[in-house]
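The values are calculated or read from the model by the stated rules, or taken from the named source; none is laboratory data. Note that this is a predicted model, so its numbers are computed, not measured. Methodologically, a virtual Cβ is constructed for each residue, glycine included, from the backbone with ideal geometry; neighbour enumeration extends over all protein chains shown. Protein only, heavy atoms only, side chains kept; ligands, DNA and RNA dropped before computing areas. Shrake-Rupley method; radii C 1.70, N 1.55, O 1.52, S 1.80 Å.
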Amino acid sequence: MGLNVIMMGPPGAGKGTQAGRYARERSLLKISTGDILREAVKDGNPIAIEARARMDRGELVDDATMIAIVRDRLLRPDAKQGFVLDGFPRTVAQAEALDQIMIERGNGPLVIIDVVVAEEELVRRLAIRRICSKCGAGADPGDTGDSCRMCGGELVQRVDDNVSVVRERLRVYSRSTRPVLDFYRNRPTFRVVNGAQSPERVARELDAMIDEAAAERSL
Ligand SMILES: [Zn+2]
């Protein structure tokens, strides 16, 4: 029986770090939309090349495109054992499509984790975080390298990242994600973890939570 996890949470909550760690420890495929896109672009997938170009221009990639790319990735053999999704689904349409993909694909429950951190703490974390000077991706707090893991661009401390910009980003996140959380909230496999704790503590709670939720064995 496989295991599939969706990791949700605002920027700065540490969900990317936790998603990567969990996937490594459980030998699951970690799938972030940025990674899939980069991979698909490398494979010469024309849909992905167009989507990537749009993202680079700071535009949103439409649901149909995002769904097609994620679907293709989740149905490949190396995702069969299970996956940890980071950055998908971002809309209710994407969440509905994922349910269809899960039916098609089978193998294991879908556990949804929401990493919750209070706004004041997120503002504090984001204000000191480094970002890529080329594509704008945020560096993981534990990342000590100088180059972006998405595009290789130089990581810089964003001096203009003032508090109101951070707050606006969090508002946009919360507004766009609330419908997706509401879509999942009543499922027996939906769990909330307190992301304001130390990464080690979050990891311990997450592991126990996912095991227990997976035992519900429900989509
Ligand atoms: Zn970059």
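Here are the numbers for this structure:
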quantity: Sole residue being assigned to a helix (DSSP H, G or I), without any contact (Cβ under 8 Å) to a residue 24 or more places away in the chain and more than 13 Å from the chain's Cα centre (by Cα), chosen from R38, R52; calculated: R52
quantity: Which numbered condition A137 fails, given (1) more than 18 Å from K15 (Cβ to Cβ); (2) in contact (Cβ under 8 Å) with a residue 12 or more places away in the chain; (3) within 16 Å of the ligand (Cβ to nearest atom); calculated: (1)
quantity: When residues of the range 97-133 are limited to those that are of a type in the set (D, E, K, R) and at pLDDT below 85, the one nearest to the ligand (Cβ to nearest atom); calculated: R130
quantity: Residue within the range 12-24 that is open to solvent by 70 Å² or more (accessible area, probe 1.4 Å), in a helix (DSSP H, G or I) and touching a residue at least 40 places away in the same chain (Cβ under 8 Å) present; calculated: no
quantity: Candidate set from the range 170-219 (those that are among the charged types (D, E, K, R) and within 25 Å of N107 (Cβ to Cβ)); member that is most open to solvent (accessible area, probe 1.4 Å); calculated: R217
quantity: Residue pairs meeting the criteria (Cβ under 6 Å; at least 6 apart or on separate chains; first under 12 Å from A64 (Cβ atoms), in the range 85-96; second charged (D, E, K, R) and open to solvent by 10 Å² or more (accessible area, probe 1.4 Å)); calculated: T91/D63; A93/D63; Q94/D63
quantity: R167 being surrounded by 13 or more Cβ atoms within 10 Å (Cβ to Cβ), in a helix (DSSP H, G or I), at pLDDT 85 or above and not hydrophobic (A, V, I, L, M, F, W, C); calculated: yes
quantity: Identity of the residue in the range 85-96, in a loop (DSSP other than H, G, I, E, B) and in contact with a strand residue (DSSP E or B) (Cβ under 9 Å, 6 or more places away or on another chain), that ends up modelled with the lowest pLDDT; calculated: G87
quantity: Residue ID - nearest to S27 (Cα to Cα), chosen from residues in the range 65-79 that are open to solvent by 70 Å² or more (accessible area, probe 1.4 Å) and assigned to a helix (DSSP H, G or I); calculated: D78
quantity: The one condition in (1) part of a helix (DSSP H, G or I); (2) under 25 Å from A208 (Cβ atoms) that I31 fails to fulfil; calculated: (1)
